[in-house]
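Here the structure comes first, spelled out in structure tokens, and everything after it is commentary.
The values are calculated or read from the model by the stated rules, or taken from the named source; none is laboratory data. All of these numbers come straight from a predicted model, not from anything done at the bench. Cβ atoms come from the backbone with ideal geometry, glycine included; neighbour counts cover every protein chain shown.
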Amino acid sequence: AEDALRQAQKMEAIGQLTGGIAHDFNNLLTIVIGGLDGVERHLAAIPESDATARIRRSRAMSLDGARRAATLTSRLLAFSRRQPLDPKAIEVNRLIVDLADLLQRTLGETIALETVSGAGLWRAMADASQLENSILNLAVNARDAMPNGGKLTIETSNAFFDEEYVSKIPELLEPGQYVQIAVSDTGMGMTDEVLQKAFEPFFTTKETGKGTGLGLSQVHGFVRQSGGHVRLYSEVGQGTTVKLYLPRATENVIGPDNPAGRAQSGVV
Ligand code: ADP
């Protein structure tokens, strides 16, 4: 719990810092991109030559870099402006079906998407738009891990961990009822070293402009704040599975001032 708190405080501080920097940086990039547009206009006013061709190439390179930087800053801004959580009971299977089109477009034509909907799935208590965001983040990571195509599977199921089970594997989970969402890819996988650091904010193995290193830390922050857990399993050359465990929604509102609700949400 202390770890989770420290992580949350760290994320909060990072969010404020990056928000400020990203905002200023975005304004500067607008000037850069505007200037490069100016170069194109001025070029149109002089006769074509080897020199203008070279200037065009340099301009195109600069513009590409500036646009990638702009994408990065807008992702940082989105990260720092995270909406407060609004937890509600979610029909997770339905949320995934509604997201399937967007997921498939994100994955491209070479990656197949398979969804396996658990029968009689409990409803999860979480913020629906943050859950969508998290699943999208995982899909983007999976896509980047499968440059030559492959398969992404999203499987849901009910997960119930009792005290005894958890006491045997204390680092695994807290006892309780969870909706499990397993997102698996057939990609390149992660080395142990990458696996250790994958949840850290700003840890990325991707080239500049492609990765922010915030995807998994965002997923982690969201799931922990929802009272759930995340587990990562990966094998180099085989693929990666990310398991999200979101708390089961109960009919009663669970809270410190509703002990009855809390009792009913407990292990049965
Ligand atoms: P980013 O995707 O911007 O790099 P993340 O926090 O989402 O940031 O991921 C951190 C790192 O974890 C990635 O750079 C990559 O090395 C590794 N990673 C995450 N997901 C996967 C995956 N599905 N397969 C292989 N490696 C992954």
> Looking at (1) hydrophobic (A, V, I, L, M, F, W, C); (2) part of a loop (DSSP other than H, G, I, E, B); (3) modelled with pLDDT under 90; (4) within 15 Å of the ligand (Cβ to nearest atom), can you tell me which one M190 breaks?
Replying inline: (3)
>> Can you tell me how many residues within segment 196-209 are within 24 Å of I111 (Cβ to Cβ), near the ligand (Cβ under 8 Å from one of its atoms) and not aromatic (F, W, Y)?
In response: 4
> Which of the residues that make up segment 144-177 are under 20 Å from the mean Cα position of the chain (by Cα), surrounded by 20 or more Cβ atoms within 10 Å (Cβ to Cβ) and either more than 14 Å from the ligand (Cβ to nearest atom) or in a helix (DSSP H, G or I) (or both)?
Replying inline: T156
> Looking at S58, is it modelled with pLDDT of 95 or more, among the polar types (S, T, N, Q), part of a helix (DSSP H, G or I) and out of contact with any Asp or Glu (no Cβ under 6 Å at 6 or more places or on another chain)?
Replying inline: yes
>> For segment 82-92, check the following and say yes or no: at least one residue is surrounded by 11 or more Cβ atoms within 10 Å (Cβ to Cβ), at pLDDT 75 or above and part of a helix (DSSP H, G or I).
In response: yes
>> Restricting to segment 169-211, count the residues that are of a type in the set (S, T, N, Q) and in contact with a Leu (Cβ under 6 Å, 6 or more places away or on another chain).
In response: 0
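Working carefully through the options T71, T106, T115, find the one that is polar (S, T, N, Q) and in contact with a Gly (Cβ under 8 Å, 6 or more places away or on another chain).
Details: T106 fails: in contact with a Gly (Cβ under 8 Å, 6 or more places away or on another chain); T115 fails: in contact with a Gly (Cβ under 8 Å, 6 or more places away or on another chain).
Answer to the selection: T71.
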